[in-house]
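See structure below.
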Amino acid sequence: KMAEKKLRITYVKSAIGYSIRHKATIQALGLRKLNQSVIQDDTPVVRGMLAKVNHLVQIEEVQVEQ
């Protein structure tokens with residue numbers, strides 16, 4: 001099977017002082033602590049969430065062999 005596209009999302013800036021929706025989006029991405037990284041599928045849904053909080057996270061594309 002082909003290598004699947006994933007995104008490594010790192011929480012780099014606190015959501016304190018930003019709207020409740022931004023905090024909820026950070027949580028929905030699976031991020032809890034600052035400098036924590038999660039791997040998510042590269043889907044339009046996840047991309048949309050990242051577009052909302054791109055000032056709080058760092059995004060890298062990673063290839064995952066299946």
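The values are calculated or read from the model by the stated rules, or taken from the named source; none is laboratory data. Remember, it's a predicted structure, so these values are computed and weren't measured experimentally. Cβ sites come from the backbone with ideal geometry, for glycine too, and all protein chains shown count toward neighbours. The area values use the complete protein model at the heavy-atom level, side chains included, leaving out ligands, DNA and RNA. Shrake-Rupley method; radii C 1.70, N 1.55, O 1.52, S 1.80 Å.
Observations on the model:
- Matching residues, region 2-35, being farther than 18 Å from residue 63 by Cβ and within 10 Å of the chain's Cα centre (by Cα): 11, 25, 26, 27, 28, 29, 30, 31
- Checking the stated criteria, residue 17 turns out not to satisfy the condition of being open to solvent by less than 50 Å² (accessible area, probe 1.4 Å) and modelled with pLDDT of 95 or more.
- Cβ-Cβ under 7 Å pairs, at least 6 apart or on other chains, region 14-31 side in contact (Cβ under 8 Å) with a residue 24 or more places away in the chain and of a type outside the set (Phe, Trp, Tyr), far side open to solvent by 40 Å² or more (accessible area, probe 1.4 Å) and part of a loop (DSSP other than H, G, I, E, B): 14/34
- Yes/no for residue 8 being assigned to a helix (DSSP H, G or I) and either of a type outside the set (Ser, Thr, Tyr) or on the phi > 0 side of the Ramachandran plot (or both): no
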